[in-house]
1. Six or more apart or on different chains, Cβ atoms under 7 Å: show the pairs whose first residue is in the stretch 47-64 and assigned to a helix (DSSP H, G or I) and whose second is surrounded by fewer than 15 Cβ atoms within 10 Å (Cβ to Cβ).
2. Mind listing whichever residues of the stretch 1-32 are surrounded by 13 or more Cβ atoms within 10 Å (Cβ to Cβ) and at pLDDT below 60?
3. Report, by residue number, each residue of the stretch 33-46 that is in contact (Cβ under 8 Å) with a residue 24 or more places away in the chain and part of a loop (DSSP other than H, G, I, E, B).
4. For the list (1) modelled with pLDDT of 70 or more; (2) out of contact with any strand residue (DSSP E or B) (no Cβ under 9 Å at 6 or more places or on another chain), I need the number of the one condition that residue 46 fails.
């Protein structure tokens, strides 16, 4: 587990400006840094950043498809009115 934490911390340092852009509802601390998910493109394998589990699962369940994400946003915005 310590090895994984070291890897996550290295990625965290690399992506510190874009970390948790979707997960602003989470507070980053030493206690929960190991709970972050390394988000990556399933086509290229390129690491995009770090997300909380819920945000990572949400994107994954929508198949990383921008149109699906837009549809979900439209649905939520429609329900707010």
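1. Listed pairs, sorted by first residue: 53/35.
2. Residues satisfying the conditions are 19, 20, 21, 22, 23, 26, 28.
3. The one that is in contact (Cβ under 8 Å) with a residue 24 or more places away in the chain and part of a loop (DSSP other than H, G, I, E, B): 36.
4. Condition (2) is where residue 46 drops out.
The values are calculated or read from the model by the stated rules, or taken from the named source; none is laboratory data. Predicted model, so just to flag it, every value in this text is computed and none were measured. Positions of Cβ are generated from backbone atoms using ideal geometry, with glycine treated the same way; all protein chains shown enter the neighbour counts.
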